[in-house]
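Asker: Dumping the structure here so I can ask a few things about it.
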Amino acid sequence: MSITDELYAFDNAYGILVAGMDEAGRGPLAGPVAAACCIPGPVMIDGVNDSKKLSEQKREALYEKIVSSCMAYSVEFIDEKTIDDINILAATKSAMEKCVKKLSIMPDIVLIDAVNGLDLPCRYESVIKADAKSYAVACASILAKVSRDRMMREYHLKYPGYGFAKHKGYGTAEHIAAIRKYGPCDIHRRTFIGKFI
């Protein structure tokens with residue numbers, strides 16, 4: 001049994017309509033946090049796995065397959081200024097709540113990677129390392145990661161000195177050096193970069 005088969009079997013064991021939800025971008029020093037929610041289609045897409053275990057090229061290819069075959073999906077972003085105002089956990093929860101409320105089909109349950117305290121219009125279950133256990137959550141993790149990475153590549157064109165296309169806003173040595181050289185730009189999270197400026 002492949003990894004994808006195992007993830008798919010995990011969701012099927014619920015016997016009800018399952019959605020998966022995950023986030024991308026809680027840790028970076030710049031840019032938004034993204035959340036995605038996905039109700040996969042009935043046909044399993046081979047190769048789906050936790051987005052962190054896939055190459056950027058593989059994620060991009062799977063993204064297109066997921067969005068073209070799923071029953072419903074949504075992606076939400078919360079910007080860096082809001083993250084600074086309400087903190088990253090609250091911003092992540094807000095993105096997740098908006099995601100579920102935007103779905104065109106309401107699932108019976110939403111599986112979420114280790115986040116609690118959400119105000120959702122349906123039942124949800126917080127599962128530790130859900131992106132490595134659930135097919136629906138793995139799909140959502142790919143949608144969130146690819147959506148945010150694409151946005152950060154766009155920001156690279158606007159702020160080319162920081163290397164956003166390469167590190168996507170994470171605190172790499174190259175990124176920290178750029179902050180110290182140029183100072184923060186509009187999309188930097190001020191509450192995250194205090195020790196670097």
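The values are calculated or read from the model by the stated rules, or taken from the named source; none is laboratory data. Worth saying up front: this structure is predicted, and the values here are computed from it rather than measured. Methodologically, a virtual Cβ is constructed for each residue, glycine included, from the backbone with ideal geometry; neighbour enumeration extends over all protein chains shown. Heavy atoms of the whole protein, side chains included, go into the accessibility calculation; ligands, DNA and RNA do not. Shrake-Rupley method; radii C 1.70, N 1.55, O 1.52, S 1.80 Å.
Asker: From the cross-link list 133/195; 58/102; 98/181; 133/158, which pairs have alpha carbons spaced over 32 Å apart?
Answerer: 133/195; 98/181; 133/158
Asker: If you don't mind, another one. Report, in degrees rounded to the nearest 10, the 0 to 90 angle that the Cα long axis of helix 56-69 makes with the longest principal axis of the chain.
Answerer: 40
Asker: In whole angstrom, note down how far apart the Cα centers of segment 24-60 and segment 131-197 are.
Answerer: After rounding, the separation between the Cα centres reads 15 Å.
Asker: Antiparallel versus total DSSP beta bridges in the chain: what percent is that, nearest 5?
Answerer: The antiparallel proportion sits near 60 percent.
Asker: Heavy-atom accessible area per residue, segment 24-170, 1.4 Å probe: how many Å²?
Answerer: Per-residue value: 42 Å².
Asker: From the P(r) of segment 121-197, can you give the percent of Cα pairs sitting at distances over 20 Å?
Answerer: 46
Asker: Hey, another quick one. Using label points projected 7 Å from each Cα along Cα→Cβ, tell me how many nm separate residue 114 and residue 64, to one decimal.
Answerer: 3.3
Asker: Most fluctuating residue of 84, 149, 50 in a GNM of the chain with Cα springs under 10 Å: which is it?
Answerer: Among 84, 149, 50, the largest mean-square fluctuation in the Gaussian network model of the chain belongs to 84.
Asker: Quick one: Cα convex hull volume of the chain, Å³ per residue?
Answerer: Looking at the chain, the number lands at 114 Å³ per residue.
Asker: Mean separation of Cα pairs under 8 Å and 6+ residues apart, divided by the residue count of segment 72-187: what relative contact order is that in percent?
Answerer: Across segment 72-187, relative contact order equals 16 percent.
Asker: Let me ask something additional. Tell me, what is the percent relative contact order of the chain, built from C-alpha pairs under 8 Å that lie six or more residues apart?
Answerer: 30
Asker: For segment 101-194, what % of the accessible area comes from carbon and sulfur atoms, probe 1.4 Å?
Answerer: With neighbouring chains kept in place, the figure for segment 101-194 is 53 percent.
Asker: Using the Karplus curve 6.51 cos²θ - 1.76 cosθ + 1.60 with θ = phi - 60°, work out ³J(HN,Hα) for each residue of segment 19-27 in order, rounded to whole Hz, and write x for Gly and Pro.
Answerer: 10, x, 9, 8, 10, 9, x, 6, x
Asker: Could you work out which residue, out of 176, 112, 88, moves most in a Gaussian network model of the chain, that is, has the largest mean-square fluctuation with Cα springs under 10 Å?
Answerer: 176
Asker: What angle do you read, to the nearest 10 degrees and between 0 and 90, between the alpha-carbon axis of helix 88-102 and the longest principal axis of the chain?
Answerer: Relative to the chain, helix 88-102 is tipped by roughly 40 degrees.
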